[in-house]
1. Hey, can you find the accessible area per residue of the chain for me, probe 1.4 Å, expressed in square angstrom?
2. Calculate one ³J(HN,Hα) per residue across segment 13-22 by plugging θ = phi - 60° into the Karplus curve 6.51 cos²θ - 1.76 cosθ + 1.60, and present them in order as whole Hz with x for glycine and proline.
3. As a test of the formula, what do you get for the chain when each DSSP H run with n ≥ 4 contributes -39,500 (n - 2.57) and the sum is divided by the residue count, at 222 nm and rounded to the nearest 500 deg cm²/dmol?
4. Ignoring ligands, DNA and RNA, please state the percent of accessible area on segment 1-75 from carbon and sulfur, probe 1.4 Å.
5. Taking the Cα centre of the chain as origin, sum charge times position over the Cβ atoms of Lys and Arg (+1) and Asp and Glu (-1), and report the length of that vector in debye to the nearest 20.
6. If you add up the charges near C49, with Lys and Arg at +1 and Asp and Glu at -1, over every other residue whose beta carbon is less than 10 angstrom from its beta carbon, what do you get?
7. Could you grab the relative contact order for segment 54-126? Cα pairs under 8 Å, six or more apart, rounded to a whole percent.
8. Sequence gap at least 6, Cα distance under 8 Å: using those rules, report the relative contact order of the chain to the nearest whole percent.
Amino acid sequence: MKIYAMYFYTTNGEDATIVDSAKDFSDVGLMFRKNCVEISDFSSKQLACSQNPQINVTAEEKDFLFHAHRKNNNCAIIVATKDYPSRIAFSILREIMNEFEKNGGAFPNGKSQTIQRGIVEYQDPT
């Protein structure tokens with residue numbers, strides 16, 4: 001079980017702008033790491049831009065699961081292994097969204113504390 005990346009986007013319907021992100025692909029082989037980062041970046045942006053009306057969405061791409069939580073024009077995304085519990089992933093995404101809303105639609109110093117510490121602390125879902 002591992003979280004590879006966490007993203008937060010703001011959207012305007014057609015395009016998504018990344019506000020904050022954190023990635024940890026250190027356990028992926030050096031030959032494949034760049035490809036995994038590119039897949040993660042591209043797929044998460046496409047998911048943030050999608051017009052899916054659901055609040056919580058899980059999508060599969062290659063060996064990753066993308067968990068997305070939408071609210072208003074914002075989208076928080078976690079890229080994790082397929083065995084990472086979705087209930088925990090969506091709980092983390094709601095925490096990121098609440099942090100953004102609590103601070104008036106922005107993160108202090110432009111960085112989400114939940115994303116920055118979460119990429120390390122939430123590797124073990126227990």
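The values are calculated or read from the model by the stated rules, or taken from the named source; none is laboratory data. If you're wondering where the values come from, they're calculated on a predicted model, not measured in any experiment. Positions of Cβ are backbone-derived with ideal geometry, glycine not excepted, and every protein chain shown enters the neighbour counts. Accessible surface is based on the protein model in full, side chains and every heavy atom, while ligands, DNA and RNA are left aside. Shrake-Rupley method; radii C 1.70, N 1.55, O 1.52, S 1.80 Å.
1. I get 55 Å² per residue for this part.
2. Coupling constants for segment 13-22: x, 10, 9, 10, 10, 6, 9, 7, 7, 8 Hz.
3. -12000 deg cm²/dmol
4. 51
5. 120
6. -1
7. Relative contact order, segment 54-126: 21 percent.
8. Over the chain, the number comes to 31 percent.
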